[in-house]
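Values in this text are rule-based calculations from the coordinates and carry no lab data. All figures in this text were calculated on a predicted structure; none of them were measured in a lab. Heads up, the Cβs are rebuilt from the backbone with ideal geometry, glycines too, and the neighbour counts pull from every protein chain shown.
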Amino acid sequence: MYKTGMYKIIATAALGLLALCLTPAMASQQHALLVGVSEYPELAPALSLEGPRQDIPRLRSMLLQQGFDDKHIRVLADGVEGAHALPTLGAITDAVKKLIDTVDAGDLVFMHFSGHGTQSPTDDLEREPDGLDELFLPRDVSNWNFEQKAVPNALYDYQVGEWLDQIRAKGAHVWIVFDSCHAGTMTRSVSDQSVRMRQLTPEALGIPVTRTRSVQRADATPSFMRPGEAPGDLIAFFASQSHETTPEMRMPLGDPNGQFNGLFSHTLVRMLGQNPNVSYRQLAQLMMAEYNALPWRASTPLMVGTQMDRRVFHREGELPARYTVRRDGSDLIIDAGQLNGFDTDAVVGLYTSVTGDTPVARTTVHSSSLVSSRAPLPENLGRASVWAALERPALNVSHRVRWASPPAEVWRKAQESAQQVDLLKRTLNWVGPGDDADLLLYVAQNRLFFINRDDQLSCDLLKALSLPAESGCEQADDTRLRSVAFEGAAGGSPDTALAVNLLSNGLQRWVRAANLLRTASALQGSSGAAATLDTRFEYRRDGRGDWRAYDPAAPLALYAGDEVRLTVTNNGRTDADISVLFVDNAHGIYQLWPEPGQAGRLGPGQRAQALAPTEVTSDTIGAEQLLVLNNPTSRGGPPVNYAWLEQSPMEYSVLRHADAAIATRSVGGAASLLAEGVGDMPLTRGLGAARSSAPEAGAHIIRWETRAR
């Protein structure tokens, strides 16, 4: 049977033609198997992970909120209180066999795997035409056995595929999640110990490397999605594509005391907690948008299935999106916490009924745990019982930044100057050597480098930058780092004035671009304004052939010479000002629509081609996006325009002086929410009575990976 990439693990499972008529409308029983492997006693200690032992309790809490019965949740994990067994291959096999024997038609099985993955060669080319197996590594895995030509106690892709076939043959539905990866090149994050990769190179297990998988197109559909006879549905979520890495990192971001979590598991739990009644496709779209807001865009999740438009867990009835509230002196205790997006500084609407349309008051969370939160009691609330709903997630606009090595005196003075810039004073937290950082600054070769958390550095580049290299890293094909160049004086340093300009200008560009993406993600996930705007983004290869519709829940790669176009329709009941911004991978920001001197206002039902057929270029390469911003407004009101956000991109190691420093801009009116998020204005708090102003902005995010031919 033909199988492609890491997705071969579910190769034989696919939608049967009888599924629609034989499958019950909802799962009659819900089962879950949660597997988290943090420790590998048979391998080198440095290969252990921290995140899986944090992932599993969060996932279990999420399932309980989603209505699962605890007695139907099987936990196989190390370092997790209450786990049923350690995550060995034998324990996993026994748990799955029990599921196969237990499930009935219409049941839903949720399976989640957190831990390391890798690849190994196989001579069975009939089963594996590319000669590579994908492996998930249980706790008792050991190094390659040359006699068996296998990794002892590894979980092979074809085994998982056989299990899924048996479950689905009984008419049960499966949602399987892999927070691991199988990319074969080990590189190093610049954030030292704050980011770890959930993959082992074949060499780390002593696996003979006889072949490697070529990089696949980011928009390739796994070949397992072919007609079959299994009546049960299959939904599959993968943390990354087969050529990418999967990280775990400290959460919340910027908290040096935060705990390691798998980025994919963390995002899944948060998005589903905030939006409990979405479909699989909608959840995938929200997760992709959330990834856009994180300082990690080197991984592109893949989420596919046979019934992506069904509600998560195949549930028909809706879960309540309003949460009960109790009073405790001057505080409100809300029965929703971090799992549901009720983090510190999140804005909460308070309603006098579960179905009310308008909040009677708003408050802001001041502390939260996994499942509950506290907020001040508004003075005007009265004695009525209220329910709480998340109105705006907490918007983190701060970043941690440090130097890779102690800077020269001229750069230390430049830092002192940058710390006085209002935007940077509000948004940057300078940390010391070895501390967790979102941005690393480094001076070499007459360039000031701005190295992101997700920039992966090959050994050659680490050596060129005089940074310490880890054993086991390999040479990457090409590593592009954002930088600004200068003509150094004696000793390779610029004069003080130029250093001040370069550092301040570069940091402001970095902050604006990073916070713009964070704000747009929050607007897409929380605002009703986003739902009133219909966006149709299409692309075609090489500027010819049929136009293809963009699927916001699927990864997309665009190549130089491809063409894109965008049409927007205002489906709301009021006028709306529409703006289309392009953010490239070098932190450049451009307003593509409306053009200077033109209006971007659309009345109810009006449609506009916001982007005529436009050719993609490879001037910048990597994760890039269009942000379609929707500002409901009153007829005759002043227009909203985001041209003030425009900035030119940084360079990819091109010897050229940086542009002049970004000018200070005056921002107000309807654009103030975005200005707060980007950092041009101090954050306001949503306390007190509900405001009667127009709805806040909404956003649609269209993301792709730009690649050279």
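Miscellaneous remarks
- The packing ranking, built from the mean of other Cβ atoms within 10 Å per residue, places the peptides 381-391, 579-589 in the order 579-589, 381-391, highest first.
- In this structure, the residue pairs whose Cα-Cα separation is over 19 Å, taken from K98/K170; K71/K170; K98/K149, are K71/K170; K98/K149.
- Counting other Cβ atoms within 10 Å as a rough exposure proxy, the listed residues W430, W403 run W430, W403 from fewest neighbours to most.
- Ordering of 373-379, 175-181 by packing is 175-181, 373-379, highest average first (other Cβ atoms within 10 Å, averaged per residue).
- Ranking of M111, M62 by count of other Cβ atoms within 10 Å, fewest first: M62, M111
- Mean separation of Cα contacts under 8 Å, 6 or more apart, over the residue count of region 323-392: relative contact order %: 40
- Of every Cα-Cα pair in region 253-408, the percent that sits beyond 26 Å: 37
- Part-to-part distance (alpha-carbon centres) for region 491-520 and region 360-436, which is given in Å: 20
- Residues H266, H84, sorted so that the one with the fewest Cβ neighbours within 10 Å comes first: H84, H266
- Per-residue packing, averaged as other Cβ atoms within 10 Å, sorts the ranges 508-520, 41-53 into the order 508-520, 41-53, beginning with the highest.
- Whole-number D in µm² s⁻¹ for region 323-392, Kirkwood Cα-pair radius fed into Stokes-Einstein, 10 °C, 1.306 mPa s: 137
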